[in-house]
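The structure appears right after this line, and notes come after that.
The values are calculated or read from the model by the stated rules, or taken from the named source; none is laboratory data. Source: prediction; values computed, not measured. All Cβ positions, even for glycine, are placed from backbone atoms using ideal geometry, and neighbour counts span all protein chains on display.
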Amino acid sequence: MSRHRDDTDDPAQPLSDDQARTQVVSAAKQITALVNLPDMYASFAFRSCNDQADPPYRGVVEMSFTLPLDDSSGVSAAVNPDSYFDQIAARMLSHGWSSGPPPGLHPYGHVINQDGVMAIMTAGPNTGWARIQIYGECRNMTDHRNDGTTNWVKITDQLRTG
């Protein structure tokens, strides 16, 4: 994935660890509150915005889920992922998200964004499964290389809406 902006090496308004985490976890909560993601599980980690693992970092949430079944043909099979992503995007667009990535980014997948946060929807890795990866802004200047926060931590319970 390409970098967010030219100012990512020294953002004018850095985010604290809590702010960077909240940025993406809040977006994930909004998505899970508005869209049914069957069998969803989610994790959070900090990721460097460059290939050297140097700051800046961003918060990242990855949600994996099963695709709902489509019984319209009389044979139960997972819905077409692209069609389902269109439905998710339409729902999120009606709640203030925008279609496509933030300016300057060109990720692969079905992408929506809001306030510098980008959600990328892709199929797989296994048949019948899909995922949404939520990337925050590259504004966290903490060096996370050796603090363990680049390891994925389960946050599924934080995203359940009851």
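Summary table below
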| quantity | calculated |
| --- | --- |
| Qualifying residue in segment 75-88 (condition: touching a Gly at 6+ places or on another chain (Cβ under 6 Å), over 18 Å from ARG58 (Cβ atoms) and without any contact (Cβ under 8 Å) to a residue 60 or more places away in the chain) | yes |
| Filtered residue count, segment 136-162, keeping only those that are out of contact with any Ser or Thr (no Cβ under 6 Å at 6 or more places or on another chain) and under 16 Å from ALA53 (Cβ atoms) | 11 |
| Yes/no for THR22 being surrounded by fewer than 19 Cβ atoms within 10 Å (Cβ to Cβ), modelled with pLDDT of 95 or more and either closer than 22 Å to ARG91 by Cα or under 17 Å from the mean Cα position of the chain (by Cα) (or both) | yes |
| Matching entry among ARG160, ARG145, ARG131 (being within 18 Å of ALA89 (Cα to Cα), charged (D, E, K, R) and either more than 13 Å from the chain's Cα centre (by Cα) or crowded, with 17+ Cβ neighbours inside 10 Å (or both)) | ARG131 |
| Matching residues in segment 21-47 - criterion: being in contact with a Lys or Arg (Cβ under 8 Å, 6 or more places away or on another chain), not in a helix (DSSP H, G or I) and not basic (Lys, Arg) | VAL35, TYR41, ALA42, SER43, PHE44, PHE46 |
| The listed residue being farther than 14 Å from GLU62 by Cα and charged (D, E, K, R), out of ARG131, ARG91 | ARG91 |
| Unmet criterion (only one of (1) polar (S, T, N, Q); (2) touching a residue at least 24 places away in the same chain (Cβ under 8 Å); (3) buried (at least 16 other Cβ atoms within 10 Å of the Cβ)) for SER43 | (3) |
